[in-house]
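Only one structure is covered here, and it is reproduced in the block below.
Readers should treat all values here as calculations from the given coordinates under stated rules, not as data from a laboratory. These numbers come from a predicted model, not from an experiment. Note that we place each Cβ from the backbone using ideal geometry, even for glycine, and neighbour counts take in every protein chain shown.
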Amino acid sequence: MAVTGGMLFGFVLMHMIGNLKLYLGADALNHYAKGLREIGSPFLPPSGLLWIARTVLLVAVALHILAATQLTRINRKARPEGYRQYRYIEGSYAARTMRWGGVIIALFVIYHLAHFTWGWKLVHENFIPGDVYHNVVAGFQVWWVSLIYLVAQLALGFHLYHGLWSMMQTLGLGRRGSGEWRRSFALGFALIVSAGNISFPLSVLLGIVT
């Protein structure tokens, strides 16, 4: 759970940083997207390394979900009878919503791929293959599409916060002391990624990016 989570944390951070090229204009973003498909050339076929990365990420996601399912079953087996009175003494809102957050993120990833990668007309009527900048702007100009992204990024932020904090604890990082630095680092990471991703639909809706 911790190892696959670390891999996915790295991906969402790099994904957000790459998408910041949206603010540099159409040429910069489209050139970046084209460059991703050409990495490894000429030693690999077009998009070869990209598909290897996608496969690794897909395996990481599958193992992450499997680990989450196994942990849930272990917890339920450890206490088959429910509590008479259930109160949270310790545990943040992010910790209590990890499972639902994971479901929301999984559904969002499928929608995101259909929206910007597969170009399904059902979710993106104005999709133009290869023109990433146009697809982003045209997609986020639809208010309910932007709303879906905003809700998903909020769920991602909570998931990143508790997940990163738990990952560092599981891997034995910073066992000494109160662990406040782990919590601060996790919070900062979650805020940076979520704020960056949220800025994209908001910038289009506000007319900053056209």
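Determine the equivalent ellipsoid of the chain by diagonalising the alpha-carbon gyration tensor, then write out the semi-axes as square roots of 5 times the eigenvalues, largest first, rounded to whole Å.
Working: eigenvalues 228, 81, 62 Å².
Equivalent ellipsoid semi-axes, largest first: 34, 20, 18 Å.
Among all the lysines, which ones have a C-alpha under 23 Å from residue 121's C-alpha, if same-chain residues fewer than 8 places away are not counted?
Those lysines meeting the cut-off are 34.
Distance in nm between label sites at residue 191 and residue 113, each 7 Å beyond Cα in the beta-carbon direction?
3.3 nm
Modelled label-to-label distance, residue 120 and residue 52, 7 Å Cα→beta-carbon offset: nm?
Between residue 120 and residue 52, the label points sit 3.0 nm apart.
At what distance in nm do the modelled label points of residue 75 and residue 99 sit from each other, each positioned 7 Å from its Cα along Cα→Cβ?
0.7 nm
Averaging sequence separations of C-alpha pairs under 8 Å and six or more residues apart, then dividing by the length of the chain, give the relative contact order as a whole percent. Intermediate values should be presented prior to the final figure.
Values: 172 pairs, mean separation 57.3, N = 210.
About 27 percent, as a whole number.
Can you give the FRET efficiency for residue 151 and residue 68, using 1/(1 + (r/R0)^6), R0 = 30 Å, r = Cβ-Cβ distance, to the nearest 0.05? Before the final figure, lay out each step's value.
Details: r = 21 Å, r/R0 = 0.69.
Step by step, r from the Cβ atoms, then E = 0.90.
For a quick check, take a GNM of the chain with Cα springs below 10 Å and name the residue from 74, 17, 148 with the largest mean-square fluctuation.
Per the Cα network of the chain with a 10 Å cutoff, 74 tops the list.
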